[in-house]
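Worksheet for the structure shown next.
The values are calculated or read from the model by the stated rules, or taken from the named source; none is laboratory data. Since the structure is predicted, the reported quantities are computational estimates derived from the model, not experimental observations. As a convention, Cβ positions derive from the backbone with ideal geometry for all residues, glycine included, and neighbour counts pool all protein chains shown.
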Amino acid sequence: MKNIVIAAGYATRLYPLTEHFPKPLLKIGGSTILGRLIADIDAIPGIDEHIIVTNHKFARHFEAWASEIETIKPIRIIDDETVTNETRLGAVCDLLLAIEKCRVEDDMLVIAADNILDFSFRGFVDFFKEKHTSVIMCHQESELKRLQRTGVIAVDADMRVLEMQEKPEHPVSHWAVPPFYIYRKEDLPLIKDCLNHGCGKDAPGNLAHYLCERTPMHAWVMPGKRYDIGTLDSYHEAQGLFG
């Protein structure tokens with residue numbers, strides 16, 4: 001299984017920290033945001049490579065980081081050759097770029113690089129192996145405004161995804177979807193052709209939304225908390241919790 005990390009954002013809300021430096025490499029305790037994710041995933045059986053997609057502006061930072069970090073599985077850095085927020089490819093196109101450049105024909109764990117979790121991805125991978133379908137994560141969210149800013153799903157008793165909304169005005173449930181997915185290799189033909197059938201390019205949830213209408217998907221309930229490092233306040237909060 002390939003671990004594909006989308007790290008190509010520009011994080012303007014974290015300026016000045018991220019004006020000339022990538023958000024995923026900001027320090028949290030003795031590591032970095034991305035380093036904490038990789039350390040967990042690197043130890044999971046079945047993961048054989050880490051593919052990190054970055055914009056051109058920050059590619060050298062990730063290359064330097066990859067040359068210094070010690071991992072069991074190899075790390076490959078993919079430069080999407082964009083230099084501004086206005087010309088960014090979007091998360092879905094960055095994933096398609098990684099699939100093409102690395103000739104991926106395997107199951108894929110796909111994650112956004114600007115998050116910290118207080119639990120392991122190991123249970124998520126085990127759930128994927130149990131269900132034999134592509135899978136997404138979910139958690140209960142009671143606040144309407146938060147649901148309106150994220151993906152939301154409806155599920156059956158077996159946690160099979162029945163419907164997915166992206167930033168809905170009227171959420172179908174309280175199951176919110178963070179940017180963590182495992183796509184099975186059998187769904188690769190659908191993924192590779194998604195842009196030809198109206199799949200959105202920007203948010204990573206666009207692809208899951210597109211797929212759940214075309215192939216079976218299940219949702220795994222997060223056993224802990226996710227910290228989205230999107231603002232200076234959230235970054236300082238994470239430093240206090242994990243520093």
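So, of the residues in region 151-161 that are touching a residue at least 24 places away in the same chain (Cβ under 8 Å) and not in a loop (DSSP other than H, G, I, E, B), which turns out to be surrounded by the fewest Cβ atoms within 10 Å (Cβ to Cβ)? Of everything passing the filter in region 151-161, Arg160 is surrounded by the fewest Cβ atoms within 10 Å (Cβ to Cβ).
The helices (runs of 4 or more DSSP H) falling completely within region 34-150 that include 2 or more residues that are not assigned by TED's automatic domain parsing to the domain that holds Tyr10 map to 122-131, 144-147. When we screen Thr32, Thr12, Thr54 for residues that are of a type in the set (Val, Ile, Thr) and surrounded by fewer than 19 Cβ atoms within 10 Å (Cβ to Cβ), the only hit is Thr12. Does Thr71 satisfy the condition of being surrounded by 19 or more Cβ atoms within 10 Å (Cβ to Cβ) and among the hydroxyl-bearing types (Ser, Thr, Tyr)? The answer is no for Thr71. Cβ-Cβ contacts under 6 Å between residues 6 or more apart (or on different chains), taken from a first residue in region 197-212 that is within 14 Å of Ile153 (Cβ to Cβ) and touching a residue at least 24 places away in the same chain (Cβ under 8 Å) to a second residue that is charged (D, E, K, R) and outside any loop (DSSP other than H, G, I, E, B), are listed as Gly205/Glu166; His209/Glu166.
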